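Chemist: Have a look at the structure that comes next, please.
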Protein chains: 2
Amino acid sequence: MENLYALKGNIIFAKEFGKYEILEKGYVVVEGKLVKGTFEELPKEFSNIKVIDYEDKIIIPGFVDIHVHAPQYANLGLGLDKELMPWLEAYTFPEEAKYFDMDYSRKVYSSFVKDLWKFGTTRACVFATIHKNSTKLLMDIFDESGLGAYIGKVNMDRNSPKELTEKCEESLIDTEEILKEYGSKYERVKPIITPRFVVSCCPELMKGLGYLAKKYNVPVQSHLSENAGEINFVKELHPECKNYASVYDCMGLFGEVPTIMAHCVLVDENEIELMARKKVFVAHSPTSNFNLSSGIAPVRRLITRGVPVGLASDVGGGHTLSMTKVIVNSAQASNIKWVETYRVDKPLNTSELFYLATKGGGAFFGKVGSFEEGYEFDALVVDDSSLTIFKDLSLAERLQKFIYTGDDRNIKVRYVAGKEIDEPKCY
Amino acid sequence: MENLYALKGNIIFAKEFGKYEILEKGYVVVEGKLVKGTFEELPKEFSNIKVIDYEDKIIIPGFVDIHVHAPQYANLGLGLDKELMPWLEAYTFPEEAKYFDMDYSRKVYSSFVKDLWKFGTTRACVFATIHKNSTKLLMDIFDESGLGAYIGKVNMDRNSPKELTEKCEESLIDTEEILKEYGSKYERVKPIITPRFVVSCCPELMKGLGYLAKKYNVPVQSHLSENAGEINFVKELHPECKNYASVYDCMGLFGEVPTIMAHCVLVDENEIELMARKKVFVAHSPTSNFNLSSGIAPVRRLITRGVPVGLASDVGGGHTLSMTKVIVNSAQASNIKWVETYRVDKPLNTSELFYLATKGGGAFFGKVGSFEEGYEFDALVVDDSSLTIFKDLSLAERLQKFIYTGDDRNIKVRYVAGKEIDEPKCY
């Protein structure tokens, strides 16, 4: 019984897309790492367990960010008046070239992890850089923090600046070293195969990575169809493939293992069909897509067609790690998409986006992002009393107000897998 | 000489659209309410004046918000999954109907003004409601706070819910009462003629308001071409007019006195030409236009054609009073517009938007929004040391980082017309 406890408060989570489960002054019972259940009244069998009473506060699942670049955190908010390719060259690549330096990496990475914590992100899928040692360091820092993550050493061996161009074989050797060393080292921090994108990986490298993904049963993350210039470049590099997605597919990097593709702003019908069939996740990154003039991904259509979708900050293309801000940008993007598609692709409302930011992206981690029985208990305790409220609001409205007008100051407690997580150390 | 003082720090302002004036550890000399000049080194003639040294902090002009609805502050962040007309009916009108109640008005309005202060807005053009007494109260609260504002009693006598439908004559009498009583009551808080929009004002009311504007030489603010449904409604109401803008024009409400029109998302070529000729200001409100699925205003084109433009939060269509967040949304909107127009309407960069958020909107208030000689000294002192900075940044980059990643916590001191302004009282 000492393994069992309950949180009391205003519980909101999304079991289904577009529908809140709401328990006013209800209970979520946790056993070890997992949710045992949610209850309006505490059942008799639990009458002796410890109850933490959060009173009128709101308890929601932790946020899940399924695409973010840790080293680009150093560039947060800078240079966001360029498109993808010039931005990579002017800001991103020079920054990423620094991560051979372990002291610098420790400074930026620990600050990055602290900020994820601050904004209530409890799980993340993270790009590091090509450097294996600082990638390992990032995994160590994540584990120490208590947050959950997939972390990828980035692979790049073509069309990249000299300092970031690996030899194909070395890139594969370094990747495999991490898979061996870190595959089972930590419980909630795991490696992920991370070819940067088709442009920066030669076919041999991509095939090698596809092979490693299957050999070690490790997931894959990359970028797909973010920007028109990028897509044209991929077409030039691979005239033999019918579209961008099929390049990854040929290389064994498209859904053979669980896979995330960031952006998908300009995917065509064939790509959508392939993603739906192979259950490839889209990391929808509207903040970044706005900032880098990429356009607006057809999220409503992707969802309707059965493609799994999660939300993503895509820092540094995105300028904030706050998933509530990403939810707002997603709503805004979907509104404009609705206008652009002559009212065919319906806007995404707050409850739909809340689902994507919790259970939608959480599905990539297994049973994460909900308070259903058997889910890992990741949660945030939100105190909205500082938000200016002048009348009775429903709990759904209070959550909406927090998402639109609150910030990190409103998040009072964070849990990951049943454990309260303190502010991570910063070096 | 006791009237003279200087601020020392990293001074950034925009004299011209798209160009920063930057003085690293420079001086801005203030005489009474006005800027005397900015200097790299303090000139000999000022060697004896008091110098407030803000060290490495950044000193910028206060932000100017040229379109915001004070009563809608109570709905901040709520219901933003509707379009204009249903949103007005479900959220806005029921809220605005409450402002006959002076206690309730005092509570919301003082909280609203405190939040404007918090986010560094030093001047605002504000819609109140139809209620004259609480409109006067709002002017009193503004004056007490020290912030500058134009504040309008809203006029509505058709197509509105019963509680918000005035009689035409009474609406004009109430408006004139405020003009007489408050025209010269306060130095920096002034009345402004505020027909809600064509839809809610009969021709007689609009003509009467046009007459009052000229008689008392008072500016005008309203809404123009925000949304397709609204425009169709205006066409039905006024088939005799060739477009929406010309309805206002016929009524003497379009540039006879200084005029602001909010939104202008869907203005046509003739309307743009008329606005440029009559120097009618556009209150560009991208956050609101995103939230209410209105679309994206052609801001680059408006500016190129010579229409004066300022930025606006449009709370409650916008969900934040923060003008830095409005700058970011403006950049994002302009990026998408660029994609939508097949790269004809160039994106707006940070220095262009900083100009619009300070001197651009400030021009409506006279010499406001810049540190040029003779400008009223409205300023913010920004401490960006809490923002994660891992390398040397230029001052322009530090400002960009504050705009994209900072918040109210970074604003340490606010000045309006030469006077430091403390946190306003909240009732």
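The values are calculated or read from the model by the stated rules, or taken from the named source; none is laboratory data. Since the structure is predicted, the reported quantities are computational estimates derived from the model, not experimental observations. With ideal geometry, Cβ positions are generated from the backbone for all residues, glycine too; neighbour counts draw on all protein chains shown. Quick note on the areas: whole protein, heavy atoms, side chains included, nothing else; ligands and nucleic acids left out. Shrake-Rupley method; radii C 1.70, N 1.55, O 1.52, S 1.80 Å.
Chemist: Tell me the carbon and sulfur percent of the accessible area for segment A:287-353, rounded to whole percent, probe radius 1.4 Å.
Modeler: Ligands and nucleic acids excluded, carbon and sulfur give 53 percent.
Chemist: Using each residue's phi in segment A:312-329, evaluate 6.51 cos²θ - 1.76 cosθ + 1.60 at θ = phi - 60° and report the 3J(HN,Hα) Karplus result to the nearest Hz, with x for Gly and Pro.
Modeler: Couplings: 8, 7, 6, 4, x, x, x, 9, 8, 7, 5, 6, 5, 5, 5, 4, 4, 4 Hz.
Chemist: Between A:ALA396, A:ASN227, A:LEU76, whose Cα lies farthest towards the positive end of the dipole of chain A when Lys and Arg beta carbons carry +1 and Asp and Glu beta carbons carry -1, centred on the Cα centre?
Modeler: A:ALA396
Chemist: Continuing with this model, one more query. Pop out the carbon and sulfur fraction of the accessible area of segment B:1-155 as a percent, whole number, probe 1.4 Å.
Modeler: 46
Chemist: Moving to a separate point now. What list of ³J(HN,Hα) values in whole Hz, one per residue of segment A:271-281 in order, does the Karplus curve 6.51 cos²θ - 1.76 cosθ + 1.60 (θ = phi - 60°) give from phi, with Gly and Pro shown as x?
Modeler: With coefficients 6.51, -1.76 and 1.60, one gets 5, 4, 4, 5, 5, 5, 5, 9, 6, 7, 6 Hz.
Chemist: Please list 3J(HN,Hα) in residue order for segment A:219-232, calculated via the Karplus relation 6.51 cos²θ - 1.76 cosθ + 1.60 where θ = phi - 60°; whole Hz, with x for glycine and proline.
Modeler: x, 10, 9, 7, 10, 9, 6, 7, 8, 4, x, 4, 5, 4
Chemist: Same structure again: Can you give me the accessible area per residue for segment B:63-365, using a 1.4 Å probe, in Å²?
Modeler: Accessible area per residue, segment B:63-365: 30 Å².
Chemist: So how do B:GLU21, A:GLU240, B:GLU230 rank on accessible area, 1.4 Å probe, biggest first, that is with the largest at the start?
Modeler: Per-residue accessible area, sorted high to low, gives A:GLU240, B:GLU21, B:GLU230.
Chemist: Could you compute the net charge surrounding B:VAL108? Neighbours are other residues with a C-beta less than 13 Å from the C-beta of B:VAL108; K and R count +1, D and E count -1.
Modeler: Values: positive: A:LYS391, B:LYS98, B:ARG106, B:LYS107, B:LYS114; negative: B:GLU95, B:GLU96, B:ASP101, B:ASP103, B:ASP115.
So the environment of B:VAL108 carries a net charge of 0.
Chemist: Listed here are the pairs A:LYS57/A:LYS391; A:LYS190/A:LYS215; A:LYS425/B:LYS118; B:LYS114/B:LYS425; A:LYS82/B:LYS19; which of them are more than 19 Å apart at the Cα?
Modeler: A:LYS425/B:LYS118
Chemist: In µm²/s, what is D for the protein assembly as shown at 10 °C and 1.306 mPa s, where D = kT/(6 pi eta Rh) by Stokes-Einstein and Rh is the Kirkwood radius from Cα pairs? List each step's numbers first, then the result.
Modeler: Values: Rh = 28.1 Å.
Answer from the Stokes-Einstein relation: 57 µm²/s.
Chemist: Taking +1 at the Cβ of each Lys and Arg and -1 at the Cβ of each Asp and Glu, which of A:GLY146, A:HIS131, A:VAL30 sits farthest along the dipole of chain A towards its positive end, judged by Cα position relative to the Cα centre?
Modeler: Projecting each Cα onto the dipole axis, the largest value belongs to A:VAL30.
Chemist: Let me ask something additional. Put a dot 7 Å past each Cα toward the Cβ at B:LYS107 and B:GLU55; how far apart are the dots in nm?
Modeler: In this crude spin-label approximation the distance works out to 4.2 nm.
Chemist: Search the structure for amide H atoms under 5 Å from the amide H of B:GLY318, placed 1.01 Å from N in the peptide plane, and list their residues when 5 or more places away or on another chain.
Modeler: Result for B:GLY318 returns B:SER288.
Chemist: What accessible area, summed over both chains, is buried at the A-B interface (1.4 Å probe, Å², nearest 100)?
Modeler: In total, chains A and B hide about 4100 Å² from solvent.
Chemist: By a straight-distance test (C-alpha under 20 Å), which aspartates and glutamates pair with A:LYS15 as possible cross-link partners, with residues fewer than eight away in the same chain excluded?
Modeler: Candidates past the 8-residue exclusion: A:GLU24, A:GLU31, A:GLU40, A:GLU41, A:ASP65, A:GLU352, A:GLU372, A:GLU373, A:GLU376, A:ASP378, A:GLU397.
Chemist: Another one. Could you tell me which of rounded, prolate or oblate describes segment A:63-365, using a ≥ b ≥ c as the square roots of the eigenvalues of the alpha-carbon gyration tensor, with rounded for a/c under 1.5 and, failing that, prolate when a/b is larger than b/c and oblate otherwise?
Modeler: Judged from the Cα gyration tensor, segment A:63-365 comes out rounded (a/c under 1.5).
Chemist: So how exposed is A:MET139, as accessible area in Å² (1.4 Å probe, rounded to 10)?
Modeler: 0
Chemist: List the residues, sorted by chain then number, that are 5 or more residues from A:GLY18 or on another chain and whose placed amide H is less than 5 Å from its amide H.
Modeler: A:GLU352, A:TYR355
Chemist: Mind ranking B:ILE52, B:ILE59, B:ILE389 by accessible surface for me, highest first, 1.4 Å probe?
Modeler: These residues rank, largest area first, as B:ILE389, B:ILE52, B:ILE59.
Chemist: Given B:ASN217, B:ILE193, B:PRO203, which one lies farthest toward the positive end of the charge dipole of segment B:187-229, if we put +1 on the Cβ of every Lys and Arg and -1 on the Cβ of every Asp and Glu?
Modeler: Sorting the options by dipole projection puts first B:ASN217.
Chemist: Run the numbers on segment B:385-427: which residues show a drop of 30 Å² or more in accessible area, chain on its own versus all protein chains together, using a 1.4 Å probe over heavy atoms?
Modeler: Residues passing the criterion (a loss of at least 30 Å², heavy atoms only) are B:THR388, B:PHE390, B:LYS391, B:GLU397, B:GLN400, B:LYS401, B:TYR404, B:THR405, B:ARG409.
Chemist: So who's got an amide H within less than 5 Å of the one on B:HIS67, skipping anything under 5 residues away but keeping other chains? H placed 1.01 Å off N, in plane.
Modeler: Amide H to amide H, under 5 Å and 5 or more residues apart or across chains, B:HIS67 pairs with B:CYS125, B:SER313, B:ASP314.
Chemist: For a Förster distance of 35 Å, can you work out the FRET efficiency between the beta-carbons of A:GLU240 and A:ALA90, rounded to the nearest 0.05?
Modeler: 0.65
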